[in-house]
Amino acid sequence: VQLVESGGGLVQVGGSLRLSCAASGRTFSNYDMGWFRQAPGKEREFVAAISTTGGITYYADSVKGRFTISRDNAKNTVYLQMNSLKAEDTAVYYCAASTLGGGMSRYEYRYWGQGAQVTVSS
């Protein structure tokens, strides 16, 4: 499956952005989906994940209550709504697809997008 992120950009502290990740090539609804991020000089870290039907979601503690993951299987797209953004949310955000349960480990995800830059300025 091919994944393409969009919606990144520059936003001020306290602002909002919505990232989208469009999938193509295989049956999107067969995949658990996740969002990860990587800041300069840091490891890629888990942000959020959603099950194939969207019925189960979970989040990193650092974004819980501020970010919302969702998906539209009819549109082959997964979203990440980011509110109350902080400077420490600045990173490249990646979406990823998994057939292994889509947990918090990046090693459970087989397919990755190219990433979208999110910069939060103070």
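In whole percent, and with a 1.4 Å probe on the protein chains, what portion of the accessible area of the chain is carbon and sulfur? Write out the running numbers ahead of the final one.
Details: 2920 of 6080 Å².
It is 48 percent, rounded to a whole number.
Of the listed residues S122, S105, the order by accessible area with a 1.4 Å probe, largest first, is S122, S105. Rounded to the nearest whole Hz, the Karplus-based 3J(HN,Hα) values (6.51 cos²θ - 1.76 cosθ + 1.60, θ = phi - 60°) of segment 57-71 follow the sequence 9, 8, 9, 5, 4, 5, 10, 4, x, 10, 10, 9, 9, 8, 8, with x at glycine and proline. Full extension of the segment from R110 to A87, taken as 0.36 nm per residue of separation minus the current Cα-Cα distance, would add 5.3 nm.
Taking the Cα centre of the chain as reference, the dipole from Cβ charges on Lys and Arg (+1) and Asp and Glu (-1) amounts to some 120 debye. Averaged over its residues, segment 1-99 has an accessible area of 47 Å² per residue, based on protein heavy atoms and a 1.4 Å probe. In straight-distance terms, cross-link reach from K42 covers every one of the lysines whose alpha-carbon lies under 29 Å from its own, apart from those fewer than eight places away in the same chain; here that gives K64, K86. Across the options V4, G101, L17, the greatest Cα extent toward the positive end of the charge dipole of the chain (unit charges at beta carbon of Lys, Arg, Asp, Glu) belongs to V4. Taking trypsin sites (Lys or Arg not before Pro) as exposed when DSSP calls them loop and at most 15 other C-beta atoms lie within 10 angstrom, the chain has its longest site-free stretch at 1-25.
The values are calculated or read from the model by the stated rules, or taken from the named source; none is laboratory data. Quantities reported herein were computed from a predicted structural model and do not represent experimental measurements. Here Cβ is always computed from backbone atoms with ideal geometry, including for glycine, and neighbour counts include all displayed protein chains. These area figures cover heavy atoms from the full protein model, side chains too; ligands, DNA and RNA do not enter into them. Shrake-Rupley method; radii C 1.70, N 1.55, O 1.52, S 1.80 Å.
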